[in-house]
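Single-structure report; data block below.
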Amino acid sequence: MHSDSLMEYILVNYRWVFVVFFLLPCTLIGKVWATFEKSLWSRRRHTGLDHQKKVENIQLEIRHRNVYAPNRVMCTARPSWRSMTLAEMTYKKCMFNINVHLDEMISIDSHNRTVRVEPSITVGQLIPILIQSGWTVPVALELEDLTIGGLVMGIGLESSSFKFGLFHKTCTRYELITADGDLITCSEAENPDVFESIPFSYGTLGFLTAIDITIIPAKKYVRLQYRPISSLEKIQSCLISETLDTENNDFVELLMYSKDEGVLMTGKMTDGDQSTKYINEIGRFYKPWFFKHVESFLLSQKNAEEYIPLKDYYFRHNNSLFWEVQDIIPFGNHPVFRYLLGWIMPAKVALLKLTQTDTIKRLYNEHHFIDDFILPISCLKKSVEKFHKHLNIYPIWVCPTVLNPGHGLVHSHASVDNMYIDIGLYGEPNVSNYNSDIAKDLELFVLKSKGFKMMYVGTYLNIYEFKKMFNHCLYQRIRMQLNCEYNFPEVYDKVNKKVRR
Ligand SMILES: Cc1cc2nc3c(=O)[nH]c(=O)nc-3n(C[C@H](O)[C@H](O)[C@H](O)COP(=O)(O)OP(=O)(O)OC[C@H]3O[C@@H](n4cnc5c(N)ncnc54)[C@H](O)[C@@H]3O)c2cc1C
Ligand SMILES: NC(=O)C1=CN([C@@H]2O[C@H](COP(=O)(O)OP(=O)(O)OC[C@H]3O[C@@H](n4cnc5c(N)ncnc54)[C@H](OP(=O)(O)O)[C@@H]3O)[C@@H](O)[C@H]2O)C=CC1
Ligand SMILES: CC(C)=CCC[C@@H](C)[C@H]1CC[C@@]2(C)C3=C(CC[C@]12C)[C@@]1(C)CC[C@H](O)C(C)(C)[C@@H]1CC3
């Protein structure tokens, strides 16, 4: 065998060797460096660049582009391998890249209950700082490497979204640099139309430089109740009734392990008391992967209740990247592995992306399915049956989220708030004929059901179907108002499968 193809063969079939012996140590070095860099930064911050100075630098960069390269539309310089997406964003190569890597927390305003952050700060950096100060965000995302800017410009949701809606619904103010290099701020009171258009605009209206997020008091634990259910009809009706009970529930999440079996989880934030029983620190490195732990309640067919430390609950899917790590390190949940190397897991997603070969990428495209569909909650049964027939991937992540009516790109189709569910399908389809036509067909099914699709993996929809799914009226008006036409691409130009490969 030629040495290059031998290398490819080893990289694909024994990727775990590379991940365990090379990427995990690199992840560790990265963690040590990040800690060191942070302490360097905190010393430098007193004399160095403050937020205002960083914003001025971006403005200068944009004005420079407006003079020397006005024909090239702009995007951020965040490299594709850093982003929490599967595909490579090929559009970055032909667009003018502006460096907007600002990743500090600016301030906490306890009086108005908001935190002001720069857009490239990750959830994994922000949430521990907030919890230490006694606060948290209402919608705390579960993967540590997601950035606040990415979640506003894409969309984000979590098990508390049935109460608070999508992540951007908890944001109260954005600071934005427009195509002309001007700094504007927007909120419900100031430039309300711009404020409503920004979420889901994928960086096509301007560059975010600061975001205000609502904060709420943090409590010590989440009291989590697990309820295994073995009928799809019952699962749908129980899920609907739990999402209506906003008094007793702060978190609602469902994991389906087959077409008719799932575990419904409902949680309440609490400080616990004398009677607090079993505290399960699921975030400890030697603990089993969360989806495996949940499955154990299905296997034993027993309802259960646990107290989980707040931060451990938030990042419950981080160690196993939902269930994606099992394809990379098949023995990752084995106790021996967890005790030996679990403390460095998971390997940094950015490093995994940076080092994946073209063969792995191609095989992933051909044999792996990753997507999230947002559908009206009443479509749960119909959708699970459809996905079972065409994909047969389990577990399935189901997360209810409320969508408000409005004029932005993503809003409910009804004139009152409406309950939707995110259905996350991640894994290898267990059907014989899987191909990209099936993926397109599923997107059309979602469109017909008056649902939406998350765009981090890209879309097979054409521009007309895309505009049917996402209301472009206000967005187009704001693009004209902010002089975006020749300066930023349209959302579709950043999310169609031709540019996300
Ligand atoms: C297509 C493919 C993609 C992979 N992607 C990654 C990756 O991104 N990161 C990583 O660390 N390791 C990856 N691996 C390595 C993977 O973890 C091991 O190769 C796999 O667990 C070996 O299983 P097997 O011997 O049962 O399958 P094999 O007999 O090696 O494969 C049989 C066929 O199944 C399909 N297949 C197998 N595993 C996968 C998979 N994980 N995803 C999609 N299709 C698959 C392919 O069509 C393959 O030709 C990939 C492997 C394959 C074959
Ligand atoms: N639980 C959840 O809800 C999850 C959500 N996701 C998805 O992941 C994505 C977030 O991933 P992440 O890696 O953080 O972000 P990305 O790097 O993927 O960025 C997402 C989009 O936001 C734009 N963007 C980011 N920062 C700015 C900024 N300061 N100004 C203007 N535009 C900006 C990017 O523009 P550009 O193209 O110019 O770089 C890009 O189009 C979201 O799309 C989200 O839907 C993924 C996993 C879980
Ligand atoms: C709305 C919600 C909760 C979405 C969850 C999405 C996750 C399952 C996605 C986000 C990033 C993601 C696409 C990723 C991957 C798996 C699925 C992830 C974790 C992996 C790790 C699969 C293996 C790949 O070789 C590679 C390393 C490139 C990607 C990286 C991003």
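Report ³J(HN,Hα) in whole Hz for each residue of the stretch 370-375, in order, from the Karplus equation J = 6.51 cos²θ - 1.76 cosθ + 1.60 where θ = phi - 60°; Gly and Pro get x.
Values per residue, Gly and Pro as x: 9, 6, 10, 10, 10, 10 Hz.
Under the Kirkwood approximation applied to all pairs of distinct alpha-carbon atoms, what is the hydrodynamic radius of the stretch 73-151 in Å?
Every distinct Cα pair counted, the radius reaches 14.0 Å.
Rounded to the nearest percent, how much of the accessible area of the chain (1.4 Å probe, protein heavy atoms only) is carbon and sulfur?
55
Nearest 0.05, what FRET efficiency do Lys268 and Asp103 give at R0 = 41 Å with Cβ-Cβ as r?
0.80
Over every pair of different alpha-carbon atoms in the stretch 56-199, take the mean of 1/r and invert it; report that Kirkwood radius in Å.
16.6 Å is the Kirkwood radius here.
Full extension from Asp327 to Asn433: what is 0.36 nm times the residue separation minus their Cα-Cα distance, to one decimal in nm?
Between Asp327 and Asn433, full extension yields 36.1 nm more.
Provide the three semi-axes, in whole Å and in decreasing order, of the ellipsoid equivalent to the chain as defined by the square roots of 5 times the Cα gyration tensor eigenvalues.
33, 27, 26
Convex hull over the Cα atoms of the stretch 288-393, averaged projected area in nm²?
9.5
Using mean Cβ contacts within 10 Å as the protection proxy, how do 396-409, 424-437 order, highest first?
Ranked from most to least packed, the peptides come out as 396-409, 424-437.
Accessible area per residue, 1.4 Å probe, Å², for the chain: what's the number?
Accessible surface, normalised per residue, equals 45 Å².
Give the total of Lys-Lys pairs in the stretch 246-380 with Cα-Cα distances below 24 Å; include a pair only if its members are 8 or more places apart or on different chains.
Number of lysine pairs found: 20.
Compute the FRET efficiency between Ile10 and Asp50 as 1/(1 + (r/R0)^6), taking r as their Cβ-Cβ distance and R0 = 45 Å, and round to the nearest 0.05.
Efficiency at R0 = 45 Å is approximately 0.40.
How long are the semi-axes of the equivalent ellipsoid of the stretch 270-322, defined as square roots of 5 times the Cα gyration tensor eigenvalues? Whole Å, largest first.
Output for the stretch 270-322: semi-axes of 19, 16, 8 Å.
For the stretch 235-313, state what percent of all Cα-Cα pairs lands in each successive 5 Å bin, counting from 0 Å until the bin that includes the largest distance.
3, 12, 22, 24, 22, 13, 4, 1, 0
Determine the distance separating the Cα centre of the stretch 228-300 from the Cα centre of the stretch 379-456; give it in Å without decimals.
21
Can you work out the PRE-style zone for Lys389? Point 7 Å along Cα to Cβ, and I want the residues of the stretch 444-461 with backbone N under 17 Å.
The answer is 444-450.
The values are calculated or read from the model by the stated rules, or taken from the named source; none is laboratory data. All figures in this text were calculated on a predicted structure; none of them were measured in a lab. Because the Cβ atoms are built from the backbone with ideal geometry, glycine has one as well, and the counts that use them run over all protein chains shown. Accessible surface is based on the protein model in full, side chains and every heavy atom, while ligands, DNA and RNA are left aside. Shrake-Rupley method; radii C 1.70, N 1.55, O 1.52, S 1.80 Å.
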